[in-house]
Amino acid sequence: MGFNVDNLITITFTLFAVIDIVGSIPLLISLKEKMGGIRALPATLISGGLMILFLLVGENFLSILDLDVKSFAIGGSIVIFLLGLEMVLGHEIFKGDADAKSGTVVPIAFPIIAGSGTLTTIISLKANYEETYILAGILLNLIIVFAVLKSLKWIERVLGKAGLTAIRKFFGVILLAIAVKIFASNLSEFGK
């Protein structure tokens with residue numbers, strides 16, 4: 001079977017929407033000012049390491065907890081749905097930790113880039129897609145994350161507040177649709 005570009009695009013856009021690096025720009029700019037700068041490469045590498053580690057051993061971790069991927073995918077789809085709802089409605093559902101003293105690792109690499117929503121999504125995607133596609137989607141998103149971290153001020157100037165809001169809402173709707181798809185495809189397996 002050949003390489004499926006559609007799978008790669010779906011995974012890449014799903015992770016892009018969940019990571020929401022564009023929607024995090026105002027927060028990242030604020031943190032950059034508080035911390036005297038953001039170290040883009042270490043933040044990208046640490047968050048990537050967390051995502052890849054969870055891709056590779058997340059399933060084993062679940063089995064220790066006596067959970068299967070399909071159950072986790074359904075739970076994850078609910079989290080993804082709520083994240084999408086939060087993006088579309090503009091109301092905070094998940095409370096973030098505002099302590100920026102730890103810098104690169106906390107809160108930038110985790111939980112802003114590789115947060116619980118991202119890690120949940122990676123496991124949820126494993127129920128429907130091959131690891132190779134998910135790994136490729138992660139790597140493509142890390143390139144985007146690095147580029148955004150390196151050019152925060154320029155992006156903010158170009159998009160403006162209205163542009164950032166529009167992009168966040170657009171990806172929120174995409175997340176809602178993806179969450180419904182993951183939920184429905186994994187729920188049908190429970191009766192079997």
What single numbered condition from (1) among the hydroxyl-bearing types (Ser, Thr, Tyr); (2) in a loop (DSSP other than H, G, I, E, B); (3) more than 27 Å from Asp6 (Cβ to Cβ) fails to hold for Tyr129?
(3)
If you take the residues in region 89-118 that are surrounded by 18 or more Cβ atoms within 10 Å (Cβ to Cβ) and assigned to a loop (DSSP other than H, G, I, E, B), which one is modelled with the highest pLDDT?
Ala114
Does Ile11 satisfy the criteria of being within 14 Å of Leu149 (Cβ to Cβ) and either out of contact with any Cys (no Cβ under 6 Å at 6 or more places or on another chain) or assigned to a helix (DSSP H, G or I) (or both)?
no
State yes or no: is Val69 within 19 Å of Glu131 (Cα to Cα), modelled with pLDDT under 80 and not acidic (Asp, Glu)?
yes
For region 1-54, which residues satisfy the criterion of being among the acidic types (Asp, Glu) and closer than 15 Å to Ala109 by Cβ?
Asp20
Taking the criterion of being under 21 Å from Lys169 (Cβ atoms), aliphatic (A, V, I, L, M) and assigned to a helix (DSSP H, G or I), would at least one residue in region 59-68 satisfy it?
no
With Gly23, Gly48 as the choices, which residue is farther than 16 Å from Ile138 by Cα and in contact (Cβ under 8 Å) with a residue 24 or more places away in the chain?
Gly23
With (1) more than 25 Å from Val158 (Cβ to Cβ); (2) modelled with pLDDT under 90; (3) surrounded by 13 or more Cβ atoms within 10 Å (Cβ to Cβ) as the list, and Leu27 as the residue in question, which single condition is left unmet?
(1)
Condition test on Phe16, is it touching a residue at least 40 places away in the same chain (Cβ under 8 Å), aromatic (Phe, Trp, Tyr) and either surrounded by 16 or more Cβ atoms within 10 Å (Cβ to Cβ) or more than 24 Å from Gly160 (Cβ to Cβ) (or both)?
yes
Tell me which residues, restricted to region 128-151, are within 28 Å of Ser188 (Cα to Cα), surrounded by 17 or more Cβ atoms within 10 Å (Cβ to Cβ) and either modelled with pLDDT under 85 or β-branched (Val, Ile, Thr) (or both).
Ile134, Ile138
Any idea which of Gly37, Gly2 is small (Gly, Ala, Ser), part of a loop (DSSP other than H, G, I, E, B), closer than 23 Å to Glu131 by Cβ and more than 19 Å from the chain's Cα centre (by Cα)?
Gly2
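The values are calculated or read from the model by the stated rules, or taken from the named source; none is laboratory data. Predicted model, so just to flag it, every value in this text is computed and none were measured. Counting neighbours? That spans all protein chains shown, and the Cβs are built from the backbone with ideal geometry, glycine included.
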